[in-house]
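A short worksheet on the structure shown next.
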Amino acid sequence: RLSLESWYQVLLRRPDYLIKFWNSLLLCTAIVLGQLTVSCMGGFAFAKYRFPHKEILYYILIILMLMPVQVTLVPNYIVLDWLGLLDRWACLVLPVALAPFGTFLMTQVFKSVPDELLDAARLDGASIRQQLVRIMIPAAQSGVVSFALLAFIDAWNMVEQPVTFLRDAFRYPLSVFLASVNSENFPLSFACGVLALLPVLLLFLFFQKELVQGIEFSGLK
């Protein structure tokens, strides 16, 4: 049974729980913003522009997307170590922001936007950045929102990357920190689990319609 004492420990007596919660929320927000930036630009290029070796690069993107995260841990570790980014928040943000799934999904979303909108924007003298920000993203709003939700959920639940790239356990996000909660104290473990569930649950409740519309808009089944 979930007692008030367990909530007291989580919210007041043990502030490290809340610190992990807010740190994880900040980290996931940075990851989502990074993924949105890279994926929207990449998806816009693949969907609406022609450039050399476009088909080959797109097939390579799909192959990389099919690889499980465990396969990419070692190469990412080597690159991050060479860049001197290990044991920093950047080592979690950078690899996920460059994940190929977002570019693939936004390519499918932007392909559904009529070309006539871009043609009209070009006639009005809109730059490429203005075409993306003012035309494509608003026209594909439901797809962008659904991708942001999926990216947040994936970042909120990640475990392998923090364990591999972070040497200091104090920097672990809430998803990894929950494993260290005393399993013998069930009320405390349950309270921590509810705390970790709240952001995902609230996002789903508030943006359920956009999530469904975004998947339909992208044409993915």
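Using the reciprocal of the averaged 1/r over all distinct C-alpha pairs, how large is the Kirkwood radius of the stretch 31-89 in Å? Numbers along the way, then the final one.
Numbers: mean 1/r = 0.0729 Å⁻¹.
Roughly 13.7 Å, rounded to one decimal.
What ranking, highest mean first, results for peptides 170-178, 193-201 when packing means the other Cβ atoms within 10 Å averaged over each residue?
Working: 170-178: 19.3, 193-201: 14.2.
Per-residue Cβ counts within 10 Å, averaged per peptide and sorted highest first, yield 170-178, 193-201.
Full extension from residue 119 to residue 170: what is 0.36 nm times the residue separation minus their Cα-Cα distance, to one decimal in nm? Write out the running numbers ahead of the final one.
Working: separation 51, 0.36 × 51 = 18.36 nm, distance 5.15 nm.
Gain on stretching residue 119 to residue 170: 13.2 nm.
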The stretch 30-154, relative contact order in percent, only Cα pairs under 8 angstrom and at least six apart counted: 44 percent
Most positive-pole-ward Cα, 157, 141, 131, against dipole of the stretch 122-169 from beta carbon charges: 131
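Please give the per residue accessible area of the stretch 130-172, computed with a probe of 1.4 Å over protein heavy atoms only, in Å². List each step's numbers first, then the result.
Working: 2010 Å² over 43 residues.
For the stretch 130-172, the solvent-accessible area averages 47 Å² per residue.
Gain in length, residue 111 to residue 37, computed as 0.36 nm per residue apart minus the alpha-carbon separation, to one decimal in nm?
Working: separation 74, 0.36 × 74 = 26.64 nm, distance 1.75 nm.
Length difference between fully extended and current span is 24.9 nm.
The values are calculated or read from the model by the stated rules, or taken from the named source; none is laboratory data. What you see is a predicted model; the values in this text were computed from it and never measured. Glycine also receives a Cβ, built like all others from the backbone with ideal geometry; neighbour counts cover every protein chain displayed. Calculation scope for accessible area: heavy atoms of the full protein, side chains included, ligands and nucleic acids excluded. Shrake-Rupley method; radii C 1.70, N 1.55, O 1.52, S 1.80 Å.
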